[in-house]
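Notes follow the structure.
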Amino acid sequence: MITIKDVAKEAGVSIATVSHVINSTRYVSDELSKKVHLAIEKLSYHPNDIARSLKKKKTYTIGMIMPDNSNPFFAEVALGIEMKSFDLSYNVIFCNTNRNVQKESTYLDLLLKKRVDGIVFVSSGININSVKFIKSQKIPIIVVDREIKRLKVDSVLVDNLSGGYQATKHLLNLGHKRIACISGPSLITPSSERIEGYKKALMEASLEIDEKLILMGDFQFEGGYKYAKKLLRMKRIPTAIFACNDLMAIGAICAIKEEGLSVPKDISVVGFDDIALASFCDPKLTTVIQPKYIMGKLAANMLIERIRNKEMEPRRKLLKTELIIRESTIRKE
Ligand code: RIB
């Protein structure tokens, strides 16, 4: 393997000069810099990143821990993180916990061992160990999407309460009064906040909250399918369903059609996220837009700013959601 010593010999300069040129750690004249670059090119030299990291105590690598990389929501957030990190000369290690909180702790430990410079953290559920671990480490970290109130760190979130309110208000405006809500896992903030928005809209319309119409799903196709089937077995079937993410909304639509009913003619359905699939399913899904790609870019930018300036006060960015009306909701007959 070509070493820095070979490059110095080829260029006729000291090893220190080659190091200063590669790492821009000190001024080197254009003449000598040119000699070094020509030698690097001629010998096809690639600096040893591990040695460089040890010397600079930085790896220019960040980690992202996410709960479910098969969900297009996280894939689009991750794309924003990767694009912005690349622009800022950082690499990203993506860790998928598959919604397993024990695996989350394992990945936190792994990323520290890999000496990442910072972590983008999307929690997989309540995990005291993760919170304790993060608090005990000095590593820059930013929480995305799922707020952890006990952690005073940077965060990029959306206004889930407003999103849940917009979805439910839209159905109320269409004349629906018996509206079900299929929520995500109970222990994460997006679920509880969206339900809060749902209840707020119902209470504003002077409608009673029927807890039997609020079902705890799993943010998966299967959860939407399973709980829509349960709702269809009720004596008084709801005329509308607010599913707290698009995968469950699409699963619910499949279940409703399987029972010989029509969406939206018999039951209107609203989702949450606006993943790309929402525009191509049948019927096209009315849903709440989350600025997924922007969340990712903003999170990466804030984390790298934090890596460069660890003394800043924690920053909390709350982004807006927006209802997009497509074909899966109509006026109640
Ligand atoms: O679709 C996955 C859901 O989990 C999204 O709504 C997102 O907010 C995350 O919390």
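Would it be correct to say that SER53 is of a type in the set (Ser, Thr, Tyr), in a helix (DSSP H, G or I) and modelled with pLDDT of 90 or more? Spelling it out, it is not the case that SER53 is of a type in the set (Ser, Thr, Tyr), in a helix (DSSP H, G or I) and modelled with pLDDT of 90 or more. Say whether the condition of being touching a Ser or Thr at 6+ places or on another chain (Cβ under 9 Å), buried (at least 16 other Cβ atoms within 10 Å of the Cβ) and touching a residue at least 60 places away in the same chain (Cβ under 8 Å) is met by at least one residue in the stretch 107-114. Scanning the stretch 107-114 turns up no residue that is touching a Ser or Thr at 6+ places or on another chain (Cβ under 9 Å), buried (at least 16 other Cβ atoms within 10 Å of the Cβ) and touching a residue at least 60 places away in the same chain (Cβ under 8 Å). So which residues in the stretch 126-148 are acidic (Asp, Glu) and surrounded by fewer than 22 Cβ atoms within 10 Å (Cβ to Cβ), if there are any at all? Passing the criteria: only GLU147.
Residues are listed down the side, and each one gets a yes or a no for (1) within 15 Å of the ligand (Cβ to nearest atom); (2) β-branched (Val, Ile, Thr); (3) assigned by TED's automatic domain parsing to the domain that holds PHE94; (4) modelled with pLDDT of 95 or more:
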| site | (1), (2), (3), (4) |
| --- | --- |
| VAL21 | no, yes, no, no |
| SER24 | no, no, no, no |
| GLU41 | no, no, no, no |
| TYR60 | no, no, yes, no |
| GLY63 | no, no, yes, yes |
| MET66 | yes, no, yes, yes |
| ASN71 | yes, no, yes, yes |
| PHE74 | yes, no, yes, yes |
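Residues considered: ASP117, ASP210. Of these, the only one that is buried (at least 20 other Cβ atoms within 10 Å of the Cβ) and either in contact with a helix residue (DSSP H, G or I) (Cβ under 8 Å, 6 or more places away or on another chain) or not assigned by TED's automatic domain parsing to the domain that holds ALA78 (or both) is ASP117.
Kindly indicate whether LYS177 is outside any loop (DSSP other than H, G, I, E, B) and either of a type in the set (Gly, Ala, Ser) or more than 11 Å from the ligand (Cβ to nearest atom) (or both). For LYS177, the condition - outside any loop (DSSP other than H, G, I, E, B) and either of a type in the set (Gly, Ala, Ser) or more than 11 Å from the ligand (Cβ to nearest atom) (or both) - is not met. Of the residues contained in the stretch 151-161, one or more are found to be more than 16 Å from the ligand (Cβ to nearest atom), surrounded by 20 or more Cβ atoms within 10 Å (Cβ to Cβ) and either under 20 Å from ALA78 (Cα atoms) or of a type in the set (Asp, Glu) (or both).
When TYR165 is tested against (1) aromatic (Phe, Trp, Tyr); (2) surrounded by 15 or more Cβ atoms within 10 Å (Cβ to Cβ); (3) under 19 Å from the mean Cα position of the chain (by Cα), just one condition goes unmet, and that condition is (3).
The values are calculated or read from the model by the stated rules, or taken from the named source; none is laboratory data. As the structure is a prediction and not an experimental result, all values here were calculated from the model. For neighbour counting, all protein chains shown are included, and Cβ atoms are generated from backbone atoms with ideal geometry for every residue, glycine included.
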